[in-house]
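So the structure is just underneath, and the comments pick up after that.
The values are calculated or read from the model by the stated rules, or taken from the named source; none is laboratory data. Computed from a predicted structure; not experimentally measured. Here the Cβ is made from the backbone with ideal geometry for all residues, glycine too, and neighbour counts use every protein chain on show. Side chains included, ligands, DNA and RNA excluded: accessible areas come from the protein's heavy atoms. Shrake-Rupley method; radii C 1.70, N 1.55, O 1.52, S 1.80 Å.
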Amino acid sequence: MRPFRLLQITDCHLGSQPGEKLLGLDTDQSLYDVLHLLQANEAPDMILATGDISNDGGVASYERFIKIIERSFPNTPLAWLPGNHDDPMNMDQVVNLPIEAHCVRGGWNMIFLDSRIPMEEGGDLHANEIDRLDKQLAAYPRLPALVFLHHQPVPVGSTWLDQYVVLNNEDFFKVLDRHSNVKAVCWGHVHQNFETDRKGVKLLATPSTCVQFLPNSHDFAVDKAMPGYRRFELHANGAFETEVCRIKDKVYKIDFASAGY
Ligand SMILES: [Fe+2]
């Protein structure tokens, strides 16, 4: 049986109107480029967007996002979770609501958490989300599990970004430690590839579909790395492979000298 192929895209920062720019980069254009790369290389069983889907939180930006994905992948289920730039009330206004919060696909238990603190940039997991994580892991003790959220639950090595680490990450990891079936935790927000290990669980960050941030930087700094996505190949026996893929041979007009965004 071929593995279940899950593709993660993140931090698209789309506007309610086409032409939204982040640090000079047209976020529609870079999302289209990532989707073209996906179309050329992938046959996804599901696409997941891990927050900061919108830059302005407007309903129109979510409708546009869904239409753009549907145009490239009309038959592929779409799941999403909110980031600090998103407005979950507006996300729920869309006509074709993507999968939210939780699903079981390809013999894997997938949990999508809301790590936002309203009106703030940093992350925290509300007691309800910690409780839901515990219950949804306990409900499928025989299935391998993936946990997704927007904010990083561990520092990624950049001082300016790590002020936004999930505040109650200890509570989060306490729950994970109670369940031996969690294979990986994966997030967005930091606009860069990052991989580490904790007690046999892979901890992964995924590049944005638009601007990238420079790894291991004390202050805000934009990276020259290209936009991309992450592929998971999930085997029914609980094994998995994952890889980050990026656009190649493209030059974007980005304000690399910017001191913030
Ligand atoms: Fe974010």
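Out of the residues in segment 128-138 that are in contact (Cβ under 8 Å) with a residue 24 or more places away in the chain and more than 10 Å from L113 (Cα to Cα), which is least open to solvent (accessible area, probe 1.4 Å)? Spell out how you get there, then give the answer.
At the first step, the residues of segment 128-138 found to be in contact (Cβ under 8 Å) with a residue 24 or more places away in the chain are 130, 132-134, 136-138.
From what's left, more than 10 Å from L113 (Cα to Cα): 134, 136-138.
On the way: D134: 39, Q136: 41, L137: 1, A138: 59 Å².
Out of the qualifying residues, it is L137.
Among the numbered conditions (1) more than 13 Å from H189 (Cα to Cα); (2) within 16 Å of the ligand (Cβ to nearest atom); (3) surrounded by 21 or more Cβ atoms within 10 Å (Cβ to Cβ), the only one that A145 does not meet is (2). Apart from one condition, F256 fits all of (1) farther than 16 Å from H191 by Cα; (2) open to solvent by 50 Å² or more (accessible area, probe 1.4 Å); (3) not in a strand (DSSP E or B); the exception is (1). For segment 222-253, which residues satisfy the criterion of being of a type in the set (A, V, I, L, M) and either touching a residue at least 60 places away in the same chain (Cβ under 8 Å) or open to solvent by less than 50 Å² (accessible area, probe 1.4 Å) (or both)? Matches in segment 222-253: V222, A225, M226, L234, A236, A239, V244, I247. Taking each residue of segment 149-160 that is at negative phi and modelled with pLDDT of 95 or more and looking for partners that are assigned to a helix (DSSP H, G or I) and surrounded by fewer than 24 Cβ atoms within 10 Å (Cβ to Cβ) with beta-carbon atoms closer than 6 Å, six or more apart or interchain, yields P153/N169; P155/D162.
The strands (runs of 3 or more DSSP E) found wholly in segment 176-253 and carrying at least 2 residues that are touching a Ser or Thr at 6+ places or on another chain (Cβ under 7 Å) occupy 182-187, 201-205, 228-234.
Of all residues in segment 32-65, those satisfying the criterion of being aliphatic (A, V, I, L, M), at pLDDT 95 or above and either within 16 Å of the ligand (Cβ to nearest atom) or open to solvent by 10 Å² or more (accessible area, probe 1.4 Å) (or both) are L37, L48, A49, I53, V59, A60. Report yes if some residue within segment 148-155 is away from the ligand (no atom under 16 Å from the Cβ) and farther than 30 Å from A259 by Cβ; otherwise report no. Checked against the condition, which is being away from the ligand (no atom under 16 Å from the Cβ) and farther than 30 Å from A259 by Cβ, segment 148-155 yields no hits at all.
State yes or no: is N75 surrounded by fewer than 16 Cβ atoms within 10 Å (Cβ to Cβ) and either away from the ligand (no atom under 16 Å from the Cβ) or within 30 Å of E120 (Cβ to Cβ) (or both)?
yes
Quick one: would you say E100 is modelled with pLDDT of 95 or more, open to solvent by less than 70 Å² (accessible area, probe 1.4 Å) and more than 22 Å from N216 (Cα to Cα)? The answer is yes for E100. Of the residues in segment 171-184, not one is surrounded by fewer than 22 Cβ atoms within 10 Å (Cβ to Cβ), at pLDDT below 95 and in contact with a helix residue (DSSP H, G or I) (Cβ under 8 Å, 6 or more places away or on another chain). Whenever a residue of segment 83-95 is over 18 Å from M119 (Cα atoms), its partners that are within 16 Å of the ligand (Cβ to nearest atom) and assigned to a helix (DSSP H, G or I), lying with C-beta atoms within less than 8 angstrom and at least six residues away or across chains, give the pairs Q93/Y62; V94/Y62. Residues that are under 15 Å from D11 (Cα atoms), among the polar types (S, T, N, Q) and in contact with a Pro (Cβ under 6 Å, 6 or more places away or on another chain) within segment 67-90 are absent altogether.
Taking segment 1-119 as the region of interest, the helices (runs of 4 or more DSSP H) fully inside it that hold 3 or more residues being among the hydroxyl-bearing types (S, T, Y) are 27-41, 59-72.
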